[in-house]
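Down below is the structure, laid out as C-alpha cells.
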Amino acid sequence: MKSYILPEFKIKRDNERCIECQVCVRQCAFEVHKVSQDGSIYSENDKCVACERCVTFCPTKALTIEEYEHYIKDNANWTASVQRNIWKQAETGGVLLTGMGNPKPYPIYWDHLLLNASQVTNPSIDPLREPMELRTYLGSKPESLEVEISGGSVRLKTKVSPQLKLEVPIMFSAMSFGAISYNACEALARAATELGTYCNTGEGGLHEKLYKYADHTIVQVASGRFGVHKKYLEKAAALEIKIGQGAKPGIGGHLPGEKVGEEVSRTRMIPVGSDALSPAPHHDIYSIEDLSQLIYSLKEATEYTKPVSVKIAAVHNVAAISSGIARAGADIIAIDGFRGGTGAAPTVIRDNVGIPVELAIAAVDSRLREEGIRNRVSIVAAGGFRSSADVIKAIALGADAVYIATAALVAMGCHVCQKCYTGKCNWGIATQDPKLSKRLNPDIAAERLYNLVAAWAHEISEMLGGMGINAIESLKGNRLHLRAVGLTKEEMDVLGVKVAGAPLS
Amino acid sequence: MMKRVYAKEEVCIGCRLCEVYCAVEHSLSRDIIRAYKYEQPKPEPRVTVEEKEHISFALQCRHCDEPLCVEACITGAMMKDESGRVIHREEKCIGCWTCVLVCPYGAPRRDLSRGKVVKCDLCQSTGREIPACVEMCPNRALVFEER
C-alpha cells in the first residue's frame, strides 16, 4: 500500500561544517544517515525521530533537526498530527503506540501555583548558614507517641511501623529492567544510594548484580508478578504493589519478546523471547479486602520489617480509592498523575485517561485528613515533575515525597522522542540491544542523576528558607504557602488554595 | 612505570570521535573544520577503533616495554625515549612499513599521502597532559593511567 505519511522532521546538514567523519551514521539506530557509494553522506528524513543523538555527537555541530512543515490546509480540528495518526491506522489497522508521558497541552497546574516568601514580619532563613532539614520518613505514623522517662533517659514505648528514610524528598520512580537497559538500572541504583534515597525496580525483577543496592531499592509486585521470589522481597528497603500507572490507567503492560534476552529472561523468570504480558488487573485483587490480603501477605513474608506501598494511577475517584488503600493497611500510597511516563502505551490512553497529579494530591490529602487517617499513610506523588519548584509545590499540596522518572531519564540523556517502545533508543536507555545499551556509561549516568537531585535539593532548601521554614516537614500540606493565578473557583477549591492576593483569612 | 591509554571496551560506543580528535590534535591548524576540509595532506589519526558487532574499542600504540617496531626499524626512526614512550622520528622514516608488519597490535598507520608512518605519541608533540582521545571521548571509554 502506498503510504501517505509524510516525514515529521527534516535534517539539515551544513556542508560548510560537515567533515564527513560519519559519527552521525554510526550513532543512529534508526539508520537515518547513510554513506552513498561515492563516499558522501546523506540523510533519510522519514526515519528520523528527533532524538537529537546525531546533533549532540556531531563534533562540528553541522546538523540540525527541524520540523518538516507540510502545508496542511489551515484547520484547527484536522491538524497535521491528527491526519498522520489516521493515515497510520488506515495503513496498519493497529493501535497507535507511543512512549513517555502525555504531551498534550492540558493545563499544568504547577504553573498556576505560586510560592510564598517571608518579608519583614517573619524572618527568612539562609540555608547556607543555618541548618535546613530535607530528611523525610515515609511510612505509617502512630496516632500518638508514648514515651517512658526513667533515670534521665527517654524510651519510646509506642511501636513505630517500619519507615523509609529519605535524605531528599525525591525518589526514582518505577522503571523496569526490560523497559530500560541494565546500565540505566545500575545508574539509578547507584545514584539513589549516594543520594540517600530510593530507586524502584518496576515490574522487571531485580538483577542479581544490583542486590548490593538493596537498602536503596523499592521492589515492585505488579499484576504479572514477574521476577517476584523470596530473595527479591528480601533485597529491598520497601515493597510496592503496582495497581496502576499514570501513563496508562486501567490497562496492563506488554514487554515485547524481542526485548527479553538472557538477562531479562533470568531476572523476570520467563523464557527468552517470550512476551511479558502484565494483565490489566491483578487477578487476585477485585476489592479493597483483596488488596489488604496481598499487603499483609507481603508484610508477613518480610516479617513486618518493610513498609508496603500501593501505587495507583490518578483517576477520577482517587480520593476514595486512597482512603480504601490506607484502610487496607498500606504504609505508602503512590499516586501517578496522567503525565507519568511509560516505555510503551497506546497513544489514545496515554493522552486521554487519568487526571493531573496536582489535583489528585490535594484531593487525597484533604480526604485522608477529613477522615482522620492521614497519619496512617505517606503520600508519594509521581508523574511529570520537571523541576524543584514542582516538587516543593507538591509537598505544599500534601505529598510527603515525589517520584521522578522522566526527569531522571532526561538527566541521563533522554530527549523525549517517545520511541521507547521500538527498543532502538539511541541514548542507550530504553533498549536491550548490547550495541546501544553500552552507550550509557553507568559512571556518567549516575553522576548526572546525582547532580540533578543534589541541585534540586539545594533549590528546595533555598525556597524553604525564603519562606522562613527550616524543615520540609513544616511545609507538608501547608497550602497557605501556595497561591493560585488563572484558575477557576472550582479548581482552587479542589486544590485547597486561595487566589493570589487574597488575604490569609 | 608509565601512563598508558587503556580502552574500556564495555562502554566504547564505536563513534570514532577519538580518531577525529586525534587527527585534529596532530593537524597543522588544530581546528577541526580547517584540518578536515582544507589541510593538505589530510590529517591522519593515530588511533583506530576496532569493531565487530557490539564489541568495539580504540587501539593505539601500546608503548611496549620491548617494542618490536624499534627492533625492526631499519633507519632508527622508531625509538624508545627515557620516559618509556615509543616515539617515531618522522624525518628518519622512509616508509618501508617494516614496523607496520611487525607490530602485533597493528598500531602504526601508513600515511600514504606523505609516504610515512604515523603513530601515537601520547600527544607529547602537542603539549597535552592527557591525550586528546582520552579527554574527548564522550563516554569515558578511554583512560590514561599507570597499571
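The values are calculated or read from the model by the stated rules, or taken from the named source; none is laboratory data. From a predicted model like this one, the values you see are computed outputs, not experimental measurements. Cβ atoms come from the backbone with ideal geometry, glycine included; neighbour counts cover every protein chain shown.
Among residues of region A:262-281 that are in contact (Cβ under 8 Å) with a residue 40 or more places away in the chain, those with a beta-carbon under 8 Å from a residue that is among the hydroxyl-bearing types (Ser, Thr, Tyr) at least six positions away or on a different chain give the pairs A:GLU263/A:TYR182; A:SER278/A:SER223; A:PRO279/A:SER223; A:ALA280/A:SER223; A:PRO281/A:SER223. Taking the criterion of being among the aliphatic types (A, V, I, L, M) and buried (at least 21 other Cβ atoms within 10 Å of the Cβ), the residues of region A:432-451 that qualify are A:LEU436, A:LEU440, A:ALA445, A:ALA446, A:LEU449.
The sole residue among A:ARG84, A:ARG26 that is within 27 Å of B:MET136 (Cα to Cα), basic (Lys, Arg), outside the structural domain of A:GLY383 (by TED's automatic domain parsing) and surrounded by 12 or more Cβ atoms within 10 Å (Cβ to Cβ) is A:ARG26. Quick one: is B:ALA23 more than 16 Å from B:CYS137 (Cα to Cα) and part of a helix (DSSP H, G or I)? Here the answer is no, as B:ALA23 does not meet what is asked. The criterion of at least 1 residues that are under 18 Å from A:LYS311 (Cα atoms) is met by the following strands (runs of 3 or more DSSP E) wholly inside region A:145-216: A:164-166, A:170-172.
Are any of the residues in region A:433-444 within 27 Å of A:LEU96 (Cβ to Cβ), within 14 Å of another protein chain (Cβ to nearest Cβ) and of a type outside the set (S, T, N, Q)? So far as region A:433-444 goes, yes, one or more of its residues are within 27 Å of A:LEU96 (Cβ to Cβ), within 14 Å of another protein chain (Cβ to nearest Cβ) and of a type outside the set (S, T, N, Q).
Just one of the listed residues (A:GLU459, A:GLU447) is within 14 Å of chain B (Cβ to nearest Cβ), more than 17 Å from the chain's Cα centre (by Cα) and over 25 Å from A:LYS242 (Cβ atoms), and it is A:GLU447. Scan region A:363-394 for residues that are among the basic types (Lys, Arg) and part of a loop (DSSP other than H, G, I, E, B) and the total you get is 1. Scanning region A:168-210 for residues that are surrounded by fewer than 24 Cβ atoms within 10 Å (Cβ to Cβ), closer than 20 Å to A:HIS458 by Cα and without any contact (Cβ under 8 Å) to a residue 60 or more places away in the chain turns up A:THR193, A:GLY196. Looking at region A:55-81, which of its residues are polar (S, T, N, Q) and either touching a Pro at 6+ places or on another chain (Cβ under 6 Å) or surrounded by 11 or more Cβ atoms within 10 Å (Cβ to Cβ) (or both)? Hits for region A:55-81 are A:THR56, A:THR60, A:THR64, A:THR79. In region A:132-155, the residues that are outside the structural domain of A:ALA237 (by TED's automatic domain parsing) reach residues that are among the basic types (Lys, Arg) and modelled with pLDDT of 95 or more with C-beta atoms within less than 6 angstrom, at least six apart or across chains, in these pairs: A:TYR137/A:LYS165; A:SER140/A:ARG376.
The numbered conditions (1) surrounded by fewer than 23 Cβ atoms within 10 Å (Cβ to Cβ); (2) out of contact with any strand residue (DSSP E or B) (no Cβ under 9 Å at 6 or more places or on another chain); (3) more than 14 Å from A:MET100 (Cα to Cα) are all true for A:HIS415 except (3). Figure legend. Inter-residue proximity from region A:21-42: first residues in contact (Cβ under 8 Å) with a residue 40 or more places away in the chain and within 14 Å of another protein chain (Cβ to nearest Cβ), second residues assigned to a helix (DSSP H, G or I) and polar (S, T, N, Q), beta-carbon distance below 9 Å, spacing 6+ or different chains. Indicated pairs: A:GLN27/A:THR56; A:ALA29/A:THR422. Look at B:SER113 and say whether it is closer than 25 Å to B:MET1 by Cβ and either in contact (Cβ under 8 Å) with a residue 40 or more places away in the chain or buried (at least 20 other Cβ atoms within 10 Å of the Cβ) (or both). So B:SER113 does not fit the description; no. Note on region B:16-36: residues that are touching a residue at least 24 places away in the same chain (Cβ under 8 Å) and out of contact with any strand residue (DSSP E or B) (no Cβ under 8 Å at 6 or more places or on another chain) total 7.
Residues in region B:40-49 that are away from chain A (no Cβ under 13 Å), closer than 26 Å to B:ARG4 by Cβ and part of a loop (DSSP other than H, G, I, E, B): B:GLU44, B:ARG46, B:VAL47.
Applying the criterion of being of a type in the set (Lys, Arg) and within 14 Å of chain B (Cβ to nearest Cβ) to the residues of region A:44-91, the residue that is nearest to A:GLU8 (Cα to Cα) is A:ARG53.
As a summary of the residue check, B:LYS52 satisfies the conditions (1) within 15 Å of B:MET2 (Cβ to Cβ); (2) within 14 Å of chain A (Cβ to nearest Cβ); (3) among the basic types (Lys, Arg) except for the one numbered (1). Every listed requirement among (1) modelled with pLDDT of 95 or more; (2) over 26 Å from B:LEU17 (Cα atoms); (3) assigned to a loop (DSSP other than H, G, I, E, B) is met by B:HIS63 save one, (2).
Looking at the structure I just gave you, is A:ALA360 of a type outside the set (Phe, Trp, Tyr) and in a loop (DSSP other than H, G, I, E, B)? Here the answer is no, as A:ALA360 does not meet what is asked. Just so you know, in region B:13-39 the residues that are within 7 Å of chain A (Cβ to nearest Cβ) and of a type in the set (A, V, I, L, M, F, W, C) include one that is nearest to B:PHE57 (Cα to Cα), and it is B:ILE13.
Checked against the criterion of being out of contact with any Phe, Trp or Tyr (no Cβ under 6 Å at 6 or more places or on another chain), among the acidic types (Asp, Glu), modelled with pLDDT of 95 or more and not in a loop (DSSP other than H, G, I, E, B), the candidates A:GLU240, A:GLU258 yield just one match: A:GLU240.
Given the criteria of a type in the set (Gly, Ala, Ser), surrounded by 19 or more Cβ atoms within 10 Å (Cβ to Cβ) and without any contact (Cβ under 8 Å) to a residue 60 or more places away in the chain, does A:SER292 qualify? In short, no. For A:HIS254, the test of being within 19 Å of the chain's Cα centre (by Cα), within 25 Å of A:ILE355 (Cα to Cα) and not aromatic (Phe, Trp, Tyr) is passed. Within region B:111-147, the set of residues being closer than 14 Å to B:MET78 by Cα and either among the basic types (Lys, Arg) or within 14 Å of chain A (Cβ to nearest Cβ) (or both) comprises B:LYS116, B:LYS119.
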